[in-house]
Every structure is written in C-alpha cells, then in structure tokens.
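For reference, the structure is listed below as structure tokens.
Just so it is clear, none of the values below were taken in a lab; they were calculated from the coordinates. Quick caveat: nothing in here was measured; it's all calculated off a predicted structure. Because the Cβ atoms are built from the backbone with ideal geometry, glycine has one as well, and the counts that use them run over all protein chains shown.
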Amino acid sequence: MAKAKGIFSFWSGRRRERWLLALAFLAVTAGYAAVLLVHFGEAGEFRRADFAPLIAFGASLLAVHFVFAVANFRGDPVLLTAALLLAGLGILEQFRLGTLAVANAGDWSTLAFPIGAAAMTFIALSLAGGRWRVLEKFSTVSGIAAIAVIALTVATGHKFRGATFAAGNMTPTEIIKVLLPVFLAGFFAAYRSDLAQMGLPGIPAPSTPTVLALGFFWGAPMALLFWQHDLGMILLLNAVFLVLLSLASRRSGYLFAGILLAVTAAFAALRFVPHVQSRIETWAQPFHDTSGKSFQIMHALTALNSGGVWGSGLGAGNPQTIPIASSDFVYAALGEEIGYAGCGLVVVLYLIFFYRGFRVADSQKDPFAQFLAAGLISVFAFQTLLNIGGVTKALPLTGITLPFVSHGGSSLLTSFIALGLLLALSEGGRDAGRGGRTAKKKNAAD
C-alpha cells in the first residue's frame, strides 16, 4: 500500500494548483455557456466546432498540470493560474467576437494557445533548478538578436494600420519584449557596480565605456522602432529600462534623469512627429473628429458607457461595432458585456499576477535572476497599463495589446514564453509551490 502511494504521490504534489486551475476552467466555462446560449437562441442549433476552443483550453490546463506534477515542479501556482485564467478569458472573448477560426484547425490564431502553453511548460521545466543561468551567458547575443529581428521586420515587412507586420500578419518584433529584458538583466548584473559609482547624483559620464556599450545596444533597437513608428513599443521598453536601471544602480538620479529625458523626448516628438501629434490631439479632443481620427476611441468609450456597472451580459452586447475589438480594444468589448464590475475583477486578476511576479523578483538572490524577473513582469505591467489606459482615455492610444487577452498569435506566444521564464525563476523562490516540497517529504517518508 505504501509503495502504491509512493508511485502516485506526484499527483498530490501540486494540489493547490489543481484546485486553482479547476476554478479557472469553471469560470471560463460559465462565460462560454452564456455566450453559447445566446448563440443557440439566434442560430437554433449548436455546432460541434463551437466547443473546440473550450475543449482545447481545458485539455491544455490538464496537460500543463499533469506535466508539472509528474516533474515535481515547484513554481508559483498562483502566478500560473492567474495568467492561464486571463488567457482563458481571452479565448472566451475571441470566440464571442468570432475571431477564432474554429473550423480551420490550421489557423495560427486558433493554435496559439495550445502552442503557447506547451512552450511555457517546456521553458519552465528546462530552465528550472537554476538552469536559467545559461541565459546570462547569452545576454549579449539576446541584445544582438533583438536588433536583428527589428531590422529584418523593417526591411521585409509591410505596413498595416500604422504597424509593420511580417508575412501572415505576424509581428516578430513581439519577441523583443523577452530578448531585451534578458539583455538588460545580463548587462546590469555585470556592470551594476559601475552604474552605482559613476557620475554625480547618479548620472554617468558620457565617455564611460559602459555607457557607450549600453547606448549602442539600447539606442539601435529604439532607433529602428522609431523608424517603423512603433512608439508604443518604445514607450513600453523604456519604462522597463528605467525600472531596471534604478534597481541595478540603487540611485534615484538615474530615474529622475530618465524621466526628464523622456519628457524632453515627448515634447520633441509632439513638435516634430506628425503621428504623435495626431495621437495627442485625438486624446485631448476625442469629440473633435468622431468620424475620423477619434472614430476608434469614441466607439470604445461608447461601449464602456453602454455596459454600465453590470454590463449587458456575455453575448448580448454589440462589441462588433468597436474597431479592432479583438485586439487593441478588447477591454472595451469586455466592458460592454461584463460592465465596470466585471472589468474591475479583470484588473484585480492582473494585479494578482503582477504582485506574484514582483514577489518572484524580490525572492531572487542572484542579481541576473532578480533583474530578469523584474524586467519581464514590468513588461506585463506597463503593457497592461498602456492598453487599458488608452482604451479608457486615461492615456493616449499606443497600439499596445492587452497581455494574454488580445487576439494575436505572436503576442500570446511571447507572453507565454515570458511566463515560462518567470515560472522557472519562481521554482526556487519563497513562493514555490508548497505541494512540491510536501510531496518530497512524503516520498522520503515512504
């Protein structure tokens, strides 16, 4: 009997995660049922293809949990569940908007979630147990790769809605949200003592070789992004840069100097870049050109207002009238049907995700691991802020997607890759799955 218990003891290893994932699946299933009931009332019958996204979601949750349990993985189960629930919400909303080509199994967007979940699991297990240290050796290569990806996209891509896409409307530049934090983590881990000692009030001298190297590896991708008018990505990455620079140097002078430089650059862009002028004008005066430049934001605000506190109900609204509802404005599409109350719960879920991510960073003793975790979770946090802030008119629109929820295979896959890295780093942190340690003790006792 004891031997049998030992064979199956891995199944009790991540009990907490199993219950959390079960609750996440039930929540998504409840929303899915609401959408299907409305669809049934309109179409008069269900199609088997309608259930494919939900089945794929449930099967992916089960597969991820089973593999982690068998491997006795001790990464943070709350971080994992929060991200997967957000991704499930994204699947639910994409199904409701009709952007998941469930009849076409070869469609990239349809396969993005299971592929992303598999990539996350592989990365988390491959780099767990301190194996993430190999990334530090390739941090410079990561910076070079980021520059190469952007340059190749600029050279061979095509313009659509102001952005640059590769073949199949994929956005390979999404991966720089992982590549550049890896580079910055390695660079700051290697030169943090130089950064802490250079200059007066924390401002380095321009002739310092360390600053020149950083200037090249950071300036080159920023210049390429500016060339393709991806100002949202520039804003996102530079916010992450300032966070890591302040964390590595422990000097507030860098933060203040960075903010001053950012404000100066913003005023210069507002003065000389027409694209920026248009975005700011639309933000400041959304009622000025409601059928032109303000068309998107006005429809988003109208949808949020029509949803009210409780929303019209999943499947019962008209989010298809919102421009780019499945991607940039998915938060407005949600707001119309789940209301301010539902949107508030979504924000709380994001805050839980950010909190657990920053705890992963705080629990690291190795500087590279701390900077990498802080950089990755900061990407998620600023990306969410820019998207929700733009949709609600708290900030100018930037074209940044909502992590895990917005439609887009490249964005979702990149988010899962970053999540896999965070889970690998959390495996040795104080928030590691309690069940994993419990299972080890039980195995030793048996």
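Values computed for the structure shown
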{"quantity": "Three-way shape label, segment 337-411, alpha-carbon gyration tensor, a/c 1.5", "calculated": "prolate"}
{"quantity": "Residues with amide H under 5 Å from that of H407, placed H, sequence gap 5 or more", "calculated": "S327"}
{"quantity": "Order of L242, L425 - criterion: other Cβ atoms within 10 Å of each residue's Cβ, fewest first", "calculated": "L242, L425"}
{"quantity": "Cβ crowding within 10 Å averaged over residues, with 371-381, 259-269, 135-145 ranked highest first", "calculated": "371-381, 135-145, 259-269"}
{"quantity": "From phi via Karplus (6.51, -1.76, 1.60), per-residue ³J(HN,Hα) for segment 250-264 in Hz, x at Gly/Pro", "calculated": "6, 10, 5, x, 5, 5, 5, 5, x, 5, 4, 5, 5, 5, 4"}
